[in-house]
Amino acid sequence: MNMEFYRKLPIPKDIKEEYPVSPELQARRDACVTELKNIFEGKSDKFVLVIGPCSADKEDSVLDYISRLRTVQDKVADKIMIVPRIYTNKPRTTGDGYKGMLHQPDPNAEPDLLNGIISIRRLHLRALAETGFGCADEMLYPENHRYLSDLLAYVAVGARSVENQQHRLTASGLDIPVGMKNPTCGDLTVMMNSITAAQHSHMFLYRGWEVKSAGNPHAHAILRGYVDTKGHSAPNYHYEDLVNVYEMYQKSGLSNPAVIVDTNHANSGKQCLEQVRIAKEVLHACRHSADIKKMVKGLMIESYIEDGAQKIGPDEVYGKSITDPCLGWEKTERLIYDLADVL
């Protein structure tokens, strides 16, 4: 093999013992998971907002942002359930560039995966302890999920991973809601097949074990737009798109038909300010159709303290994304209250 085995990393059990979750915090996270499951099962009519930075880059600014969400959540708790995005793994289209806190806990330093594993667990642990939120992360690397498995309330499988067998099978063994994004090409049958695989039981190899998954009845769709054959972004959040997904679900026999609409990425053409308009259009579709209202469980929004994005460097602006552009805090806060008023 043409690679250097750099150093042996601690197994998840060792990291969890070094950075443990108290029984009180575990109960708090489990309550978040139960509430989410009730929403996806239709037992609760609350609306889910999976919201936060494109990539969790700095511990201090991410926790500052999530603390602000806590204040807002307390005011809209009767209508909205907020699940903060703490995305510690960043997929890269070409493989190059900043790959997230797991790889580089300091974006201005060299990769350090040992410190990265510790940093992402500490960040999720602090978020739970200091704000009471069970948070979301992207399952970019299925074998790494167990480093955070006792902390996360929600997981997303990204557009570049959703057709991968190991992601699908691992999702089938998780006990939290898992969102399967449509692939970048936009083929919704790939997404639906992924949900089917995640909802079924499987025998497979995981972290050196032969395991059997129970199947995950809370695996569901995330619509994030797509890129057409000419390389242009194209949306799939419009009323007609939602009707199409509803009809696909009706033919599928899948449990708990559900959709989360990603308001950024190809749906917005990465024009982060468009997320406000898109969010409100999705709610308008829900008001127009009882079937769509029942199926659409929430939105995924990329938001941080400052509008836009910036390059990594010594003059970085506090709370401004170093990956995709995000909606700033003032606009985010206003949007959440506007959504609550409509709901």
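The values are calculated or read from the model by the stated rules, or taken from the named source; none is laboratory data. Values in this document were obtained by computation on a predicted structure and should not be read as measured data. Every residue, glycine among them, receives a Cβ derived from its backbone with ideal geometry; neighbour counts consider all protein chains shown. Calculation scope for accessible area: heavy atoms of the full protein, side chains included, ligands and nucleic acids excluded. Shrake-Rupley method; radii C 1.70, N 1.55, O 1.52, S 1.80 Å.
Some points to look at:
- Only Lys, Arg (+1) and Asp, Glu (-1) charged, at Cβ; the range 3-42 dipole about Cα centre in debye: 120 debye
- Relative contact order, whole percent, for the chain stands at 16, derived from Cα pairs under 8 Å and 6 or more residues apart.
- Magnitude of the charge dipole, the range 58-163, Cβ model with Lys/Arg +1 and Asp/Glu -1, debye to 20: 240 debye
- Placing R0 at 30 angstrom, the Cβ-Cβ distance between Y318 and I11 gives a FRET efficiency of 0.25 after rounding to 0.05.
- Look at the alpha carbon pairs under 8 Å that are at least 6 residues apart: their mean separation over the length of the range 130-233 gives a relative contact order of 25 percent.
- Using a cutoff of 8 angstrom between alpha carbon atoms and counting only pairs six or more residues apart, the relative contact order for the range 124-180 works out to 33 percent.
- For the range 28-98, size of Cβ-based charge dipole, Lys and Arg +1, Asp and Glu -1, in debye: 100 debye
- Surrounding net charge for I66, when Lys and Arg each add one and Asp and Glu each subtract one, Cβ distance under 10 Å: +2
- Kirkwood-type hydrodynamic radius, the range 284-343: 13.5 Å, calculated from all non-identical alpha-carbon pairs.
- Looking at the chain, the DSSP beta bridges with both ends there are about 20 percent antiparallel.
- Rounded, prolate or oblate (a/c below 1.5 giving rounded, otherwise prolate when a/b exceeds b/c) for the range 102-157 by Cα gyration tensor: oblate
- Structure remark: mean-square fluctuation, Gaussian network model of the chain, C-alpha springs under 10 Å; the largest value among A290, A219, A136 belongs to A290.
- Probe 1.4 Å, protein heavy atoms only - accessible area per residue of the range 51-143 in square angstrom: 34 Å²
- Rg ratio (alpha-carbon, reference 2.2 N^0.38 Å) - the range 223-343: 1.17
- Highest-MSF residue in the chain out of L327, L25, L151 [GNM, Cα springs under 10 Å]: L25
- Considering only chymotrypsin sites (Phe, Trp or Tyr not before Pro) in DSSP loops that have at most 15 other Cβ atoms within 10 Å, the longest stretch of the chain without any of them is 7-317.
- Rounded to whole numbers, the Karplus 3J(HN,Hα) couplings from phi for the range 271-286 are 8, 4, 5, 5, 4, 4, 5, 4, 4, 6, 5, 4, 5, 5, 4, 5 Hz, using 6.51 cos²θ - 1.76 cosθ + 1.60 with θ = phi - 60°, and x at Gly and Pro.
- In terms of Cα atoms, the Rg and Dmax of the range 274-316 work out to 15.9, 51 Å.
- Whole-number accessible area per residue in Å² for the range 260-343, which is evaluated in the context of all protein chains at 1.4 Å: 44 Å²
- Cα shape, the range 43-196, gyration tensor, a/c 1.5 rule: oblate
- The heavy atoms of M139 offer some 10 square angstrom of accessible surface to a 1.4 angstrom probe.
- Largest mean-square fluctuation among A266, A171, A109, in a Gaussian network model of the chain whose springs join Cα atoms under 10 Å apart, belongs to A109.
- At most 11 other Cβ within 10 Å, DSSP loop - GluC sites (Glu not before Pro), the range 1-95: E4
- For the range 36-42, the Karplus equation 6.51 cos²θ - 1.76 cosθ + 1.60, evaluated at θ = phi - 60°, returns couplings of 5, 4, 4, 5, 5, 8, x Hz by residue, with Gly and Pro reported as x.
- The residue list G308, N89, C286 was ranked by how far each Cα lies along the charge dipole of the chain toward its positive end, using unit charges on Cβ atoms, and C286 comes out on top.
- Area accessible to solvent at T229, 1.4 Å probe radius, in Å²: 150 Å²
- In terms of distances greater than 20 angstrom between alpha carbons, the cross-link table entries K79/K294; K43/K293; K99/K297; K58/K311; K181/K297 yield K99/K297.
- Rg followed by Dmax, in Å, when the chain is reduced to its Cα trace: 18.9, 58
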